[in-house]
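The values are calculated or read from the model by the stated rules, or taken from the named source; none is laboratory data. The structure displayed is predicted, hence computed values, not measured ones. Here the Cβ is made from the backbone with ideal geometry for all residues, glycine too, and neighbour counts use every protein chain on show. Just the protein is used for accessible areas: all its heavy atoms, side chains included, with ligands, DNA and RNA removed. Shrake-Rupley method; radii C 1.70, N 1.55, O 1.52, S 1.80 Å.
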Amino acid sequence: MQRPTKQTRGPNKIEKDFQGWLKYRPCCVSGREGVSVHHMYGSAFKHNKILIGHLACIPLHYDFHQGEYGIHTIGRNAWVEAHDWQAVFFKREADQYYRETRIFLPGEEYWAIHDWGK
């Protein structure tokens, strides 16, 4: 049996570092501790031919990620209606990441995430 081809590459160092930093952040919705990193659009997502899936991540507590009121349970549209666009939370996290580490996230990817904005 032939294995399916990979649709994307794995995360690079910058993406891994950002995701690692997110794991220790409070939930961007509730401020509660104990989060998992949510890929906003999936790890293979591209916008304007730019792979943004590994960078477009936010920290979510289980309740808002996979729990009863989680984005994977109620769906993206209902979640966004209840909370806000995921890109708004991403921008806050990315800005805080810069303030704490003095490391800019790659501009091309950052602006592609901002441009997609859903």
Cut-off 12 Å between beta-carbons: net charge of the residues surrounding F18, Lys and Arg +1, Asp and Glu -1
-1
For the range 1-87, build the charge dipole from Cβ charges (+1 Lys, Arg; -1 Asp, Glu) around the Cα centre, then report which of V35, L22, Y62 sits farthest towards its positive end.
L22
So, with a 1.4 angstrom probe, what is the percent of accessible area on the chain that is carbon and sulfur?
51 percent
Pick from A56, A44, A94: which residue has the top mean-square fluctuation in a GNM of the chain where Cα pairs under 10 Å get a spring?
A44
Summing -39500 (n - 2.57) over every DSSP H run of at least 4 residues in the chain and dividing by its residue count gives a helix-only mean residue ellipticity at 222 nm, to the nearest 500 deg cm²/dmol, of -12000 deg cm²/dmol
Report the GluC sites (Glu not before Pro) located in the range 46-118 that are in a DSSP loop and have at most 11 other Cβ atoms inside 10 Å of their Cβ, or state none.
E68
Where labels lie 7 Å past Cα in the beta-carbon direction, separation of D84 and S30 in nm
1.8 nm
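Given a 1.4 Å probe, how much area per residue of the chain is accessible, in Å²? Show your work: numbers first, answer last.
Numbers: 7300 Å² over 118 residues.
Ligands and nucleic acids excluded, the result is 62 Å² per residue.
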Measuring from its Cα centre, the range 25-118 shows a charge dipole (+1 at each Lys and Arg Cβ, -1 at each Asp and Glu Cβ) which, in debye to the nearest 20, is 200 debye
Sequence gap at least 6, Cα distance under 8 Å: using those rules, report the relative contact order of the chain to the nearest whole percent.
22 percent
